[in-house]
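Data block below; observations after.
The values are calculated or read from the model by the stated rules, or taken from the named source; none is laboratory data. Model, not experiment: these values are computed from the prediction. Cβ: placed from backbone, ideal geometry, glycine included. Neighbour counts: every protein chain shown.
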Amino acid sequence: MVGTGFAGMPAMAFTGLRYTLAALIFSPLLWQARHWNRRDWALGLICGLVGVAGYNIPAALGQRSVSAGLTGLLDGVEPLFIVLFSAIAQRRFPAPLTIIATFIGLAGVVLLAQGSGPALGDPEGDALVLLAAVLWAIYCVIVPALINRRGALPTTAVTIMFGAIPMLLSGLPQMQGMLITMTGWDWLVTITLTLGTSVIAMLAWNAGSAVLGAEKAGWYLYLLPVVSLIGGALLLGEPVRLWELAGGALVLLAVYLSQR
């Protein structure tokens, strides 16, 4: 939707539209947060800015020039960052195996960036997608505390609301022009993405990660590179090169070792 080679919809306007619709869907649940204290609202604000706006803004900008397959491979480092950030939050030194996994994962990211090529990505786009992965990992570490205190439904509603505001404001200058040109198919894709990823997936992740914990929930993120590579190849005709496979294998090895 945001286009290969910057040919699609304006990235910020499209993302702002998606999350404004998601915020409207979640808005009735804000009533459940009426008794929150200032600490909870502050944490909800931080989670919304880091995990919703902080993830989606660089991801949308990066995906203008990064293929779906490469995006999924770069997102494959999220579990590794979750392990590292969890160690920092718990004030414990990572195990030697985790340190080894860190270097293996970084080597994998380097291979992914080197192998992307002009048709699959550029350094700026790679960096933006990787930044989004880092911010999502931070969100995964800090949000379970709020969910465990206040529940997944109101927490998701609050974080989506706070995250949608900067995306809407950033996308407003191009929003009107985008809405005028959107076709019925564009609206179908937008609604599907909104309900599937911005509403259902977000709520499911919050509820599941609160039960499992950030590190165990990270196991499910291992499927991202596989799904993205397969989907990009089958649905979008994106090429899969040896560099991506090698880098993706190192990333998956790293996140596997980090859980041992």
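Would you call G208 in contact with a helix residue (DSSP H, G or I) (Cβ under 8 Å, 6 or more places away or on another chain), over 23 Å from I138 (Cβ atoms) and either assigned to a helix (DSSP H, G or I) or in contact (Cβ under 8 Å) with a residue 40 or more places away in the chain (or both)? Spelling it out, it is not the case that G208 is in contact with a helix residue (DSSP H, G or I) (Cβ under 8 Å, 6 or more places away or on another chain), over 23 Å from I138 (Cβ atoms) and either assigned to a helix (DSSP H, G or I) or in contact (Cβ under 8 Å) with a residue 40 or more places away in the chain (or both).
Does L120 fit the bill of being in contact with a Leu (Cβ under 9 Å, 6 or more places away or on another chain), at pLDDT below 90 and not charged (D, E, K, R)? The answer is yes for L120. When the test is whether a residue is outside any helix (DSSP H, G or I) and out of contact with any strand residue (DSSP E or B) (no Cβ under 8 Å at 6 or more places or on another chain), V227 does not pass it. Scanning the stretch 242-259 for residues that are modelled with pLDDT under 75 and farther than 13 Å from G218 by Cβ returns W243, E244, G248.
Of the residues contained in the stretch 169-179, none is found to be over 23 Å from I46 (Cα atoms), among the hydrophobic types (A, V, I, L, M, F, W, C) and free of Cβ contacts under 8 Å to residues at least 40 places away in the same chain.
A quick yes/no check of all residues on (1) modelled with pLDDT under 95; (2) surrounded by 14 or more Cβ atoms within 10 Å (Cβ to Cβ); (3) over 19 Å from the mean Cα position of the chain (by Cα):
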| position | (1), (2), (3) |
| --- | --- |
| G115 | yes, yes, yes |
| A157 | no, yes, no |
| M182 | yes, yes, yes |
| L193 | yes, yes, no |
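Taking L146, is it surrounded by 18 or more Cβ atoms within 10 Å (Cβ to Cβ) and in contact (Cβ under 8 Å) with a residue 40 or more places away in the chain? Yes; evaluated as a whole, the condition is true for this residue.
Considered as a group, the residues in the stretch 82-109 that are assigned to a helix (DSSP H, G or I) and aromatic (F, W, Y) include one that is surrounded by the most Cβ atoms within 10 Å (Cβ to Cβ), and that residue is F85. Can you pull out the residues in the stretch 75-101 that are under 20 Å from the mean Cα position of the chain (by Cα) and modelled with pLDDT under 75? Within the stretch 75-101, G76 is the sole residue that qualifies.
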